[in-house]
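Peer 1: Dropping the structure in here first, questions after.
None of the figures in this text is laboratory data; all of them are computed from the coordinates on show. Owing to the predicted nature of the structure, the values given are computational and were not obtained by experimental measurement. Cβ: placed from backbone, ideal geometry, glycine included. Neighbour counts: every protein chain shown.
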Amino acid sequence: MISIEFHTADGERLQCTAHEGTSVMEIAVAHNVPGIDADCGGACACATCHVHVDPEGMARLPPRGDQELKMLAFAVGVDDGSRLSCQLPVSAAYQGVVFRVPASQY
Ligand code: FES
C-alpha cells in the first residue's frame, strides 16, 4: 500500500492509503476529501479534481499531458504545482506526496 496525504484549505490533513494504479482523484473521492468533486469521473473534462503539489512532489509525478494542460486552463488559481488528480495513477514514487486542495473548490 502507498500512503499519500491531502491538505484541505481549512487546514485538515487526511492521510490515505491506496493501491498502485488507482488515481489520486479516486483516492480522494473514496476518502471523502472535501473539494474534489470529480464531476467528469476522471475523463479529464472538468478540472474539479484540481490539486496543488509542492516542487519536491512534482518531481515525483509524471509530466502533464496535453489534455491535462488544456483542462487546467479552465481551473482557478493555477500555478506551477497544479495538477488534475484524475490524471495521476499512483505509483510507489508517490509515497508521502502531499496534495493540497485549492480553497476555490469549496
Ligand atoms: S475528474 Fe474531471 S478533470 Fe479530473
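Peer 1: Report the one residue of Met58, Pro102, Phe74 whose Cα lies farthest in the direction of the positive end of the charge dipole of the range 2-105 (charges on C-beta: Lys and Arg +1, Asp and Glu -1; origin at the Cα centre).
Peer 2: Met58
Peer 1: Would you please give the residues with an amide H less than 5 Å from that of His50, counting only those at least 5 places away or on a separate chain, with H modeled from the backbone geometry?
Peer 2: When sequence neighbours closer than 5 places are left aside, the close amide H contacts are Ser85.
Peer 1: Computed FRET efficiency, Cβ-Cβ of Glu12 and Ala43, R0 35 Å: what is it to the nearest 0.05?
Peer 2: Working: r = 28 Å, r/R0 = 0.79.
Result of the calculation: an efficiency of 0.80.
Peer 1: Out of all DSSP beta bridges in the chain, what portion is antiparallel? Express it as a percent rounded to 5.
Peer 2: On the way: 11 of 14 bridges.
Roughly 80 percent of the beta bridges in the chain run antiparallel, per DSSP.
Peer 1: Another one. Provide the gained length on full extension for the span Arg60 to His31, in nm with one decimal, where the gain is 0.36 nm per separating residue minus the Cα-Cα distance. Each step should come with its number before you reach the end.
Peer 2: Details: separation 29, 0.36 × 29 = 10.44 nm, distance 2.25 nm.
Taking 0.36 nm per residue and subtracting the Cα distance, the gain is 8.2 nm.
Peer 1: Can I ask one more? If you count, for each residue, the other Cβ atoms within 10 Å and average over each peptide, how do 75-84, 14-23 line up from highest to lowest? Walk me through the intermediate numbers first.
Peer 2: On the way: 75-84: 16.0, 14-23: 14.3.
The densest-packed peptide leads the list: 75-84, 14-23.
Peer 1: For the chain, what is the relative contact order in percent, using Cα pairs closer than 8 Å and at least 6 residues apart in sequence? Kindly include the intermediate steps, with their values, before the conclusion.
Peer 2: Details: 208 pairs, mean separation 43.5, N = 106.
Relative CO of the chain lands at 41 percent.
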